[in-house]
Structures are given as C-alpha cells and as structure tokens.
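Before any comments, here is the structure.
The values are calculated or read from the model by the stated rules, or taken from the named source; none is laboratory data. The structure presented is a predicted model; accordingly, all values stated were derived computationally and were not measured. Using ideal geometry, Cβ is built from the backbone for each residue, glycine included, and neighbour counts are taken over all protein chains shown.
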Amino acid sequence: MNFVDSIIKKRDGGKLTKEEIAFFVKGVTDGTLPDYQISALLMAIFLKGMDTEETAQLTMEMAHSGGMFDLSALAGCKVDKHSTGGVADTTTLILAPLVASVGVPVVKMSGRGLGFSGGTIDKLESIPGFRVDVTEEEALRFAKESGIVLMSQTDNLTPADKKLYALRDVTGTVDSIPLIAASIMSKKIAAGADAIVLDVKCGSGAFMKNAADAERLAGIMADMGRHVGRRVTAVISSMAQPLGMYIGNSLEVMEAIEVLKGNVGGDLLEVSLTLGANMLLLAERVQSEEEGKALLLENIRNGKGLAKFKELLIQQGGDVRVIADYSLLPLAEEKWEVKATKSGYLTRMDTAMIGRASQETGAGRMFKGQTLDFGAGIVMKKRTGDVIATGETLAVVYSKRREKCQSAADFLQKAITIEAAPLTEQTPLILKTIR
Ligand code: URA
C-alpha cells in the first residue's frame, strides 16, 4: 500500500478504508511509518475529520495495537471512568474509593498530565511511597482483595495511542474530535471494563470549548463504546473555572482527602458524586442517580470512603500518615499571593491559562517526560460570581523558584476577569448526561 495515497485522499476530504486505517495503525505501532508521514495524516484528519465508521475502525485498530487487559476473573460489573482532561479535576481520587466502598470494584488505569490538564498518576506519585507501576497480575489480586486499583497504563496497552498522542502534542493536532474519541475509547476498551462513565469537559479549560463540540465528542465516544458491547454514560461538565480550589499534585491530593473527610463541598464534590453515582447506576448497584449520590455521600459521612482510600495507600505502598498530616506531602517553599488590582465581580476565568500558570510553577508538564515538582501549584481563593475588593487575595502560588511564582502570578492576573457588573448567568456545572 502506498501511504502517500492515503494522506492525499484524506487531505482532499476523502474517506479512508478499513485496510488503510489498519495499515496506518500497524505502521505507527511497529515503527515502519516515519513520523513525518504519520504527522501529515494526523493533520489531514484534524482538518477534514473522520466519519463514525472511520473513527470506530481507528478506535478498534488502536485498542488492538497492544495487549488487552482481561478482567473477566473479577466477579460483577467492572466500571471505569475517564475525564477528557481539565484543571483541578481530582474526581478520580475521590470517586474511586467511594465507589469501591459501596462494593463496586474499580480497576482504573490512568495517565500522566500533559499540557494544561493534570493527570491522576502524577497526583498519586506525589504521595511518598505510592507505587503506580502495578502489573496486571497484581491488579487482579488487589482488585479481589480491596476492590480498588489505581495504576498507570501498562506498557503494552495501546502502544499506537502513546506514539500518536506524543506526535499530536507537538503537531497541533490534539483537539480533534475523532482523534480524541479514538485515543480515549481505545484505551478504555483495551483496559477491559464492562461499563464506562465519560466526563467530557467543556469550557475555557477543556479541549472542547463549547457545548456543541462537547456533545458531539460525548455522542461519538458513547456510540463507539456501545458498538463494542460496553455500557456507556457520558456526562458533560463545565470547565469554565477550575473544578476544585487546589491545582497541583500534592495540593490536589490534600483537597481530595479533605473531600473524603467531609470537610469540603462545592463543585468538586458535586461532579465526583455525579460521576460516581453514574458508575453505580451502570453497575446496577442503584436504581437512580439520586440514590447513587446519597449512597456515596453516606460513605463520606460514615468514613467508609476515607477508609477505602487508606486501604488503597497501604496496598500500593503509600504513606498513610499523609491522611492525618499533610506536612508529610511535598509543598514548595516559595509562596506568592496574587492580589486583586481592582474591585468588582469575578465574571470569568480563562481556565487553560490558569493551567498554564500551574505549568509555570512546575506542577504541570511543558513537554512529555518532564519531571514535575510535586509540591508546586496554586490554591485558588475565589470563584466566578464572587464579589472582590481591591487588594484581596485571588490565589496563592507555590513554587521552588521565586521568579516562577512571579510569572505564574502574571498568568493568573491575565486569566481572571473582574468587572463592575455582576454575572447575569452562571454556566451550569453539569450541562448534560447522555445515557
Ligand atoms: N485524553 C486522552 O486520553 N486522549 C486525548 O486525545 C485527549 C485527552
């Protein structure tokens, strides 16, 4: 097959055949296609799109590009969850122990953060001793014993996605609906869950900036999952501002523990409960989302969710003392308060720019493979709609280096809009649920 013909066909808006897509994914996986040709096809897909059939074929070829994790040895419905990526989005650390604490097993492979969005694996690694490199055999054993495993993707899972994601990241082709759908769903299908809850983020801190695009992405991923026999629910949630108040790895671990202790409510808790309840619904553990939320909330109140989190830490070598003593988690020594330069109402946040500020502190990656400063990050003090007085603290920045605190603070000043008139309407937190 002459691969240039496939590039030209897609460049001119044509439809790739099943054979062409299989040839592409095989060439990506075994290294026989050069990066420049792969990148050319990615750009053609970015510009001309793919129809549902092409996207489904790309998804399945990518899912089968490596090993498939077999969870059939575990009893009951195995439910996975995936977020398309956001800022201060710590829901996995909250909902995984909560869902497991009501008897629905959670075996979740997660990724590292890249760009403005954070990754669960980096957050977990900020806990001293916590081991994310769990083998498939261990994962099955842990799941049988505790009902919860949070682990990094094994090396042989969807190697085509690893290669393609790295190239997309440096060729301006990340925010393409078919490429995102295939990337996420191939990993979820290969990771072996029976049912999947997708959290599709929408807004200034998400790949999908508007509701129409978020709904399209959610619909395509849900169709893709159902096509291969998975039960799927997609929740479209707002990323018009950071979800929680803490941004950064150890900082987000602290906030997740505070939520599990019942000390913190707000949007982070609400989205965690919504996603968790939908996981329980897909697993047929409850009859309605309301029943699911009530059950999860009950396990915050009675401490069972926090106990499951502690079990997870013990199981994977993490220092459990961090639950009672946050000083055992890393925190960068330099601190910088970002003050309001005028009074008014906080009307808007450019959340991607806040994510950019977090990268500046050292909490997020600028390039693949970059070592993070787990103790760096930002604590937000305000939310949209708040009344602001001149000189009030909007956020506190933590970094190892003073000049990085300052440049992150500059990004934050640009990201936060204060106006004389109040907001006329707030974006709803949950925009839509597709079942
Ligand atoms: N998350 C993924 O796993 N892949 C994408 O392409 C985008 C977000």
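Being more than 16 Å from the ligand (Cβ to nearest atom), farther than 30 Å from residue 414 by Cα and without any contact (Cβ under 8 Å) to a residue 12 or more places away in the chain holds for only one residue in 299, 278, 263, and it is 263.
Checking each residue in segment 82-104 for being among the polar types (S, T, N, Q), modelled with pLDDT of 95 or more and more than 10 Å from residue 272 (Cβ to Cβ) picks out only 101.
Does residue 204 qualify as being within 9 Å of the ligand (Cβ to nearest atom) and either surrounded by 23 or more Cβ atoms within 10 Å (Cβ to Cβ) or at pLDDT below 95 (or both)? No, not satisfied. I'd like to know if segment 350-358 contains one or more residues that are more than 19 Å from the chain's Cα centre (by Cα) and either assigned by TED's automatic domain parsing to the domain that holds residue 222 or more than 30 Å from residue 225 (Cα to Cα) (or both). Within segment 350-358, none of the residues are more than 19 Å from the chain's Cα centre (by Cα) and either assigned by TED's automatic domain parsing to the domain that holds residue 222 or more than 30 Å from residue 225 (Cα to Cα) (or both).
In segment 106-130, the residues that are more than 16 Å from residue 315 (Cβ to Cβ) and among the acidic types (Asp, Glu) reach residues that are at pLDDT 95 or above and not in a loop (DSSP other than H, G, I, E, B) with C-beta atoms within less than 9 angstrom, at least six apart or across chains, in these pairs: 122/249.
This table checks each residue for (1) in contact with a helix residue (DSSP H, G or I) (Cβ under 9 Å, 6 or more places away or on another chain); (2) part of a helix (DSSP H, G or I); (3) not hydroxyl-bearing (Ser, Thr, Tyr).
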site	(1), (2), (3)
332	yes, no, yes
358	yes, yes, no
365	yes, no, yes
379	yes, no, yes
385	no, no, yes
398	yes, no, no
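Against the condition near the ligand (Cβ under 10 Å from one of its atoms), among the β-branched types (Val, Ile, Thr) and surrounded by 24 or more Cβ atoms within 10 Å (Cβ to Cβ), how does residue 173 come out, does it pass? Against the criterion (near the ligand (Cβ under 10 Å from one of its atoms), among the β-branched types (Val, Ile, Thr) and surrounded by 24 or more Cβ atoms within 10 Å (Cβ to Cβ)), residue 173 does not qualify. Of all residues in segment 143-153, those being in a loop (DSSP other than H, G, I, E, B) and either surrounded by fewer than 16 Cβ atoms within 10 Å (Cβ to Cβ) or more than 17 Å from the chain's Cα centre (by Cα) (or both) number 1. Considering only residues in segment 78-107 that are touching a helix residue (DSSP H, G or I) at 6+ places or on another chain (Cβ under 7 Å) and assigned to a loop (DSSP other than H, G, I, E, B), the one that is nearest to residue 233 (Cα to Cα) turns out to be 84.
Among the residues of segment 116-142, those identified as away from the ligand (no atom under 16 Å from the Cβ), buried (at least 23 other Cβ atoms within 10 Å of the Cβ) and either part of a strand (DSSP E or B) or of a type in the set (A, V, I, L, M) (or both) are 124, 127.
Counting only residues that are within 16 Å of the ligand (Cβ to nearest atom), part of a loop (DSSP other than H, G, I, E, B) and crowded, with 23+ Cβ neighbours inside 10 Å, which one in segment 207-242 is modelled with the highest pLDDT? Residue satisfying both the conditions and the ranking: 239.
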